[in-house]
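A.B. asks: I am attaching a structure below and will ask some questions about it afterwards.
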Amino acid sequence: MRTELTINGKAHAVDVEPRTTLLDCLRDHLGLTGAHAGCEHGVCGACTVLLDGVAVRSCLMFAVQADGYAITTIEGLSPGPGELSPLQDAFCETHGLQCGYCTPAMILTAHALLADKPEPTRDDIVEAISGNICRCTGYVQIVEAITLAAERLRGANRPPEPQ
Amino acid sequence: MSDRRFHFVSTDRRVREDRRFVVGHGRFAADIALPGTRHIAIVTCPHPAARIVAIDKGAALAMPGVHYVLDGRELAAATAPLMAGLDTPNVPRRPLAVDVARYSGEWVGAVVADTRALAEDAAEAVEIEYELQPFVLDAEEALAPASPPVHADHGSNVLLDRTFMWGEVERDFAQAPHRQSLRVKWGRSSTVPVETFAVVVSWDAWREILDVWASIQMPKFPDQIAAALRVPGSAVRVHHDVDVGGSYGVKRGIKHTVVAGYLSRRLGCPIRIVEDRLENMRGGDAHGPERLFDVEVAFDDAGVIRSMKMRALDNVGAYAGRSPFQLGKPVGAIVGPYRIGSVQYRAIAVTSNKTVQEAVRAFGQSPTNYAIERMMDEVAKRLGLDRLEVRRRNLIRRQEFPYTIPSGSTYDSGDYHAVIDKVLAHTAYADLIAARDRLRASGRLAGLGIAACLEPSGGNSSFEPLLNPKNTTTTWMDSCRISVDLSGAVTATIHTTSSGQGHETLVGTVVGEVLGLDPDRIRVVRPDSLESLPSNSPVGSRMAIMLGGAAFHAAHKLKAKLTAIAAHDLGIAPERATYRHGDVYDADNPERRLAWQELVTIAHRHFHRLPPGFEPGLAAAHIMQVPTGGTLPTSDGRVQMYPCYSFEFHLVLLAIDPDLGKPEIKRYLVGHDCGTVINPKIVRGMTLGGIAHGIGAALYEEFAYDDQGQLITQTFMDYLLPSSHEVPPIEIIHHETPSPHTVFGQKGSGESGYLGAPAAIASAVNDALAPLGITINQTPIKLAWLGDLIAAARQDKENG
């Protein structure tokens with residue numbers, strides 16, 4: 001079944017079985033392997049992508065259902081080759097990851113949070129990422145990364161102090 | 001946490017691996033897409049024990065896109081059984097069941113199709129006729145002589161039953177005024193990485209080589225694959241440049257790779273197995289210890305324990321593998337951090353009709369630590385003493401190191417009392433008790449949990465010869481090779497895969513430290529297994545010690561070469577040639593020097609300027625033996641099991657909603673001493689993650705079976721991994737007692753969070769329940785069960 005997907009600002013025409021999940025389509029048909037399968041029943045969150053800026057589980061929807069949405073994957077967050085977004089840089093600064101498997105999804109979830117709430121409390125962050133399982137870190141350094149990114153992004157958006 | 005002894009070690013540097021992961025450019029096994037790859041779905045047995053009467057593949061093979069259905073008989077005829085740890089020849093382990101299936105979820109067939117979805121469809125169409133057999137699930141029932149043996153040819157379910165006697169146990173028991181016995185149970189859980197096991201293989205029939213990309217953390221993996229496939233070791237090329245999405249012990253994947261490897265040769269195409277979650281939980285053979293302890297201690301009026309008897313009965317599931325060795329590792333720290341003078345230890349492993357166990361973080365030591373720490377609380381209760389005070393009285397003193405425990409291991413270093421003092425200087429014990437009592441006054445159940453633990457690290461796998469006399473392993477080496485190219489760039493090697501431990505950062509830091517070069521400029525690569533020096537993979541908290549040590553020694557060899565080249569070229573005595581940050585100068589005349597690039601050029605281009613007998617080029621390698629050497633166990637089972645012992649002290653304040661039974665961790669403090677820290681971010685992450693894992697084992701996670709032998713927690717809906725809501729902020733109080741055995745004083749740090757947390761949380765829950773007269777002696781302490789216990793106890797109280 002032919003469907004058109006807009007991913008990271010670029011249109012892709014794909015031919016998929018109707019039963020193909022968005023996750024399998026991204027990975028197997030489009031080579032976007034930053035989204036990962038963890039449970040394939042919607043609990044672990046490793047497959048998270050953004051649909052019109054909202055974090056969703058790509059294992060729980062069919063590719064054909066994503067037609068018409070603006071899809072953002074982890075491959076779309078980096079400003080350019082070798083560059084990191086402030087959020088990605090904050091994950092490196094606090095070491096908010098270990099094996100890196102849940103990380104792209106965790107960052108996309110955090111990205112959606114910060115777009116919605118530039119000044120999240122710890123509770124906001126904990127709630128936002130509670131649908132993303134990380135087995136390595138115990139979340140502490142992830143919460144620190146998101147807090148740090150929020151601080152830096154707020155600082156970056158502030159007009160310079162008058163001289 | 002910077003340390004003036006070092007330029008880069010112990011400084012708060014970033015972890016180099018992180019950059020690729022935050023942008024989605026990790027390279028996991030399931031990301032490897034080879035042209036023409038065919039996919040496997042597994043056919044599993046739905047019964048806990050059954051004879052396979054007939055397999056009808058017809059309907060499956062008739063489906064479009066389906067190429068092959070492999071069964072156990074065909075595979076067994078072409079391959080050798082998988083390696084077993086113990087000497088149990090009548091307990092053969094095969095990737096696919098041959099004639100008899102022994103647990104629900106066991107693999108009986110593998111379907112090959114053009115896509116995974118087609119393979120799954122066809123797997124459902126494979127018709128298998130089974131004849132049900134009697135089964136056994138419980139370890140004590142399995143131990144009973146009348147129980148149905150899981151392996152009929154073995155004659156019983158007992159794989160291992162060995163009693164060790166270290167010291168004068170009966171004398172010490174007779175002389176001590178008090179005894180206490182305790183039965184505790186560690187429930188079956190595991191590490192359950194978010195990435196399931198994945199492997200892609202490709203057999204090249206013209207080069208006669210099997211290329212393997214797998215999400216493994218497995219010592220001697222290529223050798224085992226080659227042995228099972230009956231090909232030379234040099235015909236298996238394992239690619240180590242695969243990122244592994246978490247393992248913490250379990251990612252072994254031998255059976256997966258043997259199935260894929262056989263089919264790739266048979267069908268002449270690349271083959272891929274990526275477990276789905278159900279396959280992983282039921283038949284991935286990655287469950288953890290399930291262990292029943294009977295512990296008895298003899299102690300004096302002061303609560304000082306003189307002797308201990310421990311019986312550990314482990315339910316290893318349907319096949320053995322390496323898992324029974326998890327009863328052996330605890331021998332290396334059988335008394336924990338305490339001065340217990342004599343020990344009787346009986347280790348029993350039985351088979352049952354449950355999923356197979358694999359290595360789990362700390363390799364069996366965390367259950368044992370839970371048993372020891374539960375006993376500490378019981379001794380305190382019996383004598384009416386404070387739980388912390390009892391531990392202090394029993395802990396080994398700083399001045400007693402090196403300290404040899406009854407089972408033969410000598411602990412390298414430690415200052416356990418100082419770590420505890422530091423934690424209590426951070427937050428006073430009295431303040432924590434007052435906080436607990438305020439919670440109690442507000443109507444909640446509240447408790448303070450206490451646990452200490454040791455993390456043995458960097459050993460020789462001595463539990464192998466300890467539990468299997470035919471196994472004479474006395475080395476568990478690791479290696480590093482460093483080369484400098486003509487441009488002067490430095491490249492160092494790792495000869496295994498990593499699963500989040502930051503080994504590239506480790507090697508870069510160590511090589512940079514020794515050579516005085518910026519670690520970020522040290523390229524770190526992973527040659528494939530045929531280009532590699534020996535490694536035993538990142539197991540047993542060993543890499544900081546063993547890979548770090550190998551990198552250190554290789555860098556020193558390289559430095560020695562550079563210094564010798566310079567001395568010769570400058571015409572000075574070698575001892576005058578002084579290396580600093582890549583340059584070598586004459587100590588008597590520092591103006592005379594050769595810069596790094598000049599030295600590199602001499603090595604690569606100017607043979608005429610090299611010292612006589614020197615090999616041209618610039619490279620050095622080191623294969624490192626465990627720092628305390630390698631000896632076989634004595635006949636009474638004493639052996640130096642690990643060179644280094646890290647220490648942790650956990651303090652937990654926990655409240656329980658008495659109506660819901662829901663536990664909430666209010667404070668979590670941990671004193672941590674793993675010697676010299678090489679990368680503070682990594683060590684902190686390991687500690688925090690280990691504690692989170694321990695919270696799961698203590699409160700949430702269990703592979704539970706119904707009485708029909710069916711696994712009833714086989715998805716993430718019912719096997720509950722801690723989310724961000726369940727893991728509180730954790731306060732780490734750092735202490736540093738360097739090891740005398742390692743190059744920087746470092747010890748292992750990957751396991752101690754998981755070693756201490758379950759015991760500490762169990763201690764907190766029991767303290768919270770003490771006013772109700774409840775004591776819980778098993779894990780996991782699940783919410784619903786806890787709620788029922790509390791409700792029943794309150795009802796009893798009301799009924800007076």
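The values are calculated or read from the model by the stated rules, or taken from the named source; none is laboratory data. None of these values were measured; they are calculated from a predicted model. With ideal geometry, Cβ positions are generated from the backbone for all residues, glycine too; neighbour counts draw on all protein chains shown. What goes into the accessible areas is simple: the full protein's heavy atoms, side chains included, and nothing from ligands, DNA or RNA. Shrake-Rupley method; radii C 1.70, N 1.55, O 1.52, S 1.80 Å.
A.B. asks: I'm trying to understand the selection: among the residues of the range B:116-130, which are open to solvent by less than 40 Å² (accessible area, probe 1.4 Å) and either within 13 Å of chain A (Cβ to nearest Cβ) or in a helix (DSSP H, G or I) (or both)?
C.D. replies: If the condition is that a residue be open to solvent by less than 40 Å² (accessible area, probe 1.4 Å) and either within 13 Å of chain A (Cβ to nearest Cβ) or in a helix (DSSP H, G or I) (or both), then B:A117, B:A119, B:A122, B:A123, B:A125 are the ones that fit.
A.B. asks: Given the conditions (1) open to solvent by 20 Å² or more (accessible area, probe 1.4 Å); (2) within 14 Å of another protein chain (Cβ to nearest Cβ); (3) assigned to a helix (DSSP H, G or I), report the number of the one that A:R154 does not fulfil.
C.D. replies: It is condition (2) that A:R154 fails.
A.B. asks: Looking only at the range B:21-34, filter to residues that are free of Cβ contacts under 8 Å to residues at least 60 places away in the same chain and at the interface with chain A (Cβ under 7 Å from one of its Cβ atoms); which one of those is nearest to B:V274 (Cα to Cα)?
C.D. replies: The selected residue is B:D31.
A.B. asks: So which residues in the range B:469-485 are over 19 Å from the mean Cα position of the chain (by Cα) and open to solvent by less than 10 Å² (accessible area, probe 1.4 Å)?
C.D. replies: Selection gives B:S479, B:C480, B:I482, B:V484.
A.B. asks: Need at least 1 residues that are under 30 Å from A:E151 (Cα atoms) and within 13 Å of chain B (Cβ to nearest Cβ) per element, so show me which strands (runs of 3 or more DSSP E) inside the range A:1-99 make the cut, counting only ones lying wholly within it.
C.D. replies: Result: A:2-7, A:48-51, A:54-57, A:70-72.
A.B. asks: B:D241 - would you say it is at pLDDT 95 or above, acidic (D, E) and over 30 Å from A:N132 (Cα atoms)?
C.D. replies: In short, no.
A.B. asks: Continuing with this model, one more query. I'd like the residue in the range B:176-205 that is within 11 Å of chain A (Cβ to nearest Cβ) and in contact with a Phe, Trp or Tyr (Cβ under 6 Å, 6 or more places away or on another chain) and, out of all such residues, is farthest from B:R116 (Cα to Cα).
C.D. replies: Out of the qualifying residues, it is B:T191.
A.B. asks: With respect to B:A560, is the statement that it is over 25 Å from the mean Cα position of the chain (by Cα), modelled with pLDDT of 95 or more, open to solvent by 50 Å² or more (accessible area, probe 1.4 Å) and among the aliphatic types (A, V, I, L, M) true?
C.D. replies: It is true that B:A560 is over 25 Å from the mean Cα position of the chain (by Cα), modelled with pLDDT of 95 or more, open to solvent by 50 Å² or more (accessible area, probe 1.4 Å) and among the aliphatic types (A, V, I, L, M).
A.B. asks: Search the range B:436-459 for residues that are among the acidic types (D, E) and pair each with any residue that is in a helix (DSSP H, G or I) when their beta-carbon atoms are under 7 Å apart and the residues are at least 6 apart or on different chains.
C.D. replies: From residues that are among the acidic types (D, E), the pairs are B:E455/B:S752; B:E455/B:L755.
A.B. asks: Taking B:T775 and the conditions (1) closer than 20 Å to B:E702 by Cβ; (2) assigned to a loop (DSSP other than H, G, I, E, B); (3) in contact with a Lys or Arg (Cβ under 7 Å, 6 or more places away or on another chain), which numbered condition does it fall short on, given that it satisfies the others?
C.D. replies: Just one mismatch for B:T775, condition (3).
A.B. asks: Looking at B:A142 and the list (1) crowded, with 17+ Cβ neighbours inside 10 Å; (2) of a type in the set (A, V, I, L, M); (3) in a loop (DSSP other than H, G, I, E, B), which single condition is not satisfied?
C.D. replies: Every listed condition holds for B:A142 apart from (3).
A.B. asks: Consider the range B:466-506. How many of its residues are within 14 Å of chain A (Cβ to nearest Cβ) and either in contact with a Lys or Arg (Cβ under 7 Å, 6 or more places away or on another chain) or under 13 Å from B:G549 (Cα atoms) (or both)?
C.D. replies: 5
A.B. asks: Within the range B:224-248, which residues are part of a loop (DSSP other than H, G, I, E, B), closer than 13 Å to B:D528 by Cβ and open to solvent by 10 Å² or more (accessible area, probe 1.4 Å)?
C.D. replies: B:H239, B:H240, B:D241
A.B. asks: Taking B:F649 as meeting all but one of (1) surrounded by 17 or more Cβ atoms within 10 Å (Cβ to Cβ); (2) outside any loop (DSSP other than H, G, I, E, B); (3) in the same structural domain as B:T493 (by TED's automatic domain parsing), write down the number of the exception.
C.D. replies: Answer for B:F649: the failing condition is (3).
A.B. asks: Let me ask something additional. Please name all residue pairs, on different chains or six or more residues apart, with Cβ atoms under 7 Å, provided the first residue is in the range B:654-680 and is over 30 Å from B:A793 (Cα atoms) and the second residue is aromatic (F, W, Y) and open to solvent by 10 Å² or more (accessible area, probe 1.4 Å).
C.D. replies: Within 7 Å, the pairs are B:T676/B:F744; B:I678/B:F744.
A.B. asks: Ok, one more. Do we find a residue being open to solvent by less than 10 Å² (accessible area, probe 1.4 Å) and touching a helix residue (DSSP H, G or I) at 6+ places or on another chain (Cβ under 8 Å) anywhere in the range A:116-125?
C.D. replies: yes
A.B. asks: Where residues in the range B:717-732 are of a type in the set (A, V, I, L, M, F, W, C) and over 12 Å from B:E664 (Cα atoms), which of them is most open to solvent (accessible area, probe 1.4 Å)?
C.D. replies: Residue satisfying both the conditions and the ranking: B:M717.
A.B. asks: Residues to consider are A:R158, A:R152, A:R135, A:R122; find the one that is modelled with pLDDT under 95 and not small (G, A, S).
C.D. replies: Every option except A:R158 fails the conditions.
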